[in-house]
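First the structure, in the form of structure tokens, and then the observations on it.
Each reported figure results from applying straightforward, stated rules to the coordinates on display, with no laboratory input. Every value quoted in this text rests on a predicted model; they were computed, and no experiment measured them. Quick reminder, even Gly has a Cβ in these numbers, built from the backbone with ideal geometry, and neighbours come from all protein chains shown.
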Amino acid sequence: MEKPEKLIVDGKRLDGRAPDELRPLKIEVGILERANGSAYVELGANKVLAAVYGPREMHPRHHQQPDTAVLRCRYNMAPFSVEERKRPGPDRRSVEISKVTREALEQVVFLKLYPRSVIDVFIEVLQADAGTRTAGITAAAVALADAGVPMRDIVSSIAVGKVDGTIVLDLTNDEDQWGTTDMPIAMVPRKKLITLLQMDGHFTGEEFKQALDLAFKGCEQIYDAQRQALREKYAIKRGNKK
Ligand code: ADP
């Protein structure tokens, strides 16, 4: 798309949202039979799948840590997930996103309970429209919970940014491309513990505070949706047993 003259008209964004509004969010839990835990997240046009395997014995063995489990994350974009076919396989971007995803999640996982083990987290982006790293972290946190991996709490993630001089929540690809700032964040909302903060672009000090505040509000909504999705799955299971 060509750069539009304005990205915000009469207080509304190109897709009709208010600056502080999330895109429609859908979370499904436990959709893969062979994974220990899994989740599917749609955030606007983003479609992201997360699968968790483990804790299980780490192979190759020389990667084992005697006193802790290792969280291994792989973020991958399907070739058909973006407008122009993406070359399959890892690239610099996916290696970076895999690393920050691990860092965003490992702070809440009780890894010391599983010495010499590995917990594998696979994130597959099926369709991308900006914010895939945050949607991936949101999905992975739910998949870890679905796998029964002991955690302090659930990590929630969203991007905030600046578009036409306005601080906005949850940027689309057009906003990411034509806006001035994109700041993906992950956190444990209840503790206000930030586990990921990246920034492409710049904010003034005041804008940064405003953006952080908006990110907290967005993550609280995501956190509620994550918990609701988990409750729905496990409520049904309990019902079936009767
Ligand atoms: P995030 O998806 O976390 O926002 P980026 O800021 O790197 O990560 O990417 C923003 C968006 O740019 C992606 O969600 C996707 O829509 C698009 N994008 C990323 N990589 C490619 C690519 N190789 N080809 C086409 N579009 C891409």
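Rounded to the nearest 0.05, the FRET efficiency derived from the C-beta distance between residue 33 and residue 1 at R0 = 35 Å is 0.35.
Taking N as the residue count of the range 1-102, its C-alpha radius of gyration divided by 2.2 N^0.38 Å amounts to 1.47. Each DSSP beta bridge with both residues in the range 1-133 is either parallel or antiparallel, and the antiparallel ones are about 75%. Its Cα centre serving as origin, the chain has a Cβ charge dipole (Lys and Arg +1, Asp and Glu -1) of approximately 1360 debye. Compared with the alpha-carbon gap, the fully stretched path from residue 126 to residue 112 is longer by 1.8 nm at 0.36 nm per residue.
Globularity index of the chain is 1.03 (Cα radius of gyration / 2.2 N^0.38 Å, N = number of residues).
Measuring nothing but how far apart in sequence close Cα pairs (under 8 Å, 6+ apart) lie, relative to its length, the range 8-241 scores a relative contact order of 22 percent. With a Förster radius of 30 Å applied to the beta-carbon distance between residue 208 and residue 45, the computed FRET efficiency rounds to 0.60.
Each of residue 96 and residue 78 was given a label point 7 Å from its Cα along the Cα-to-Cβ line. The distance between the two points is 2.5 nm.
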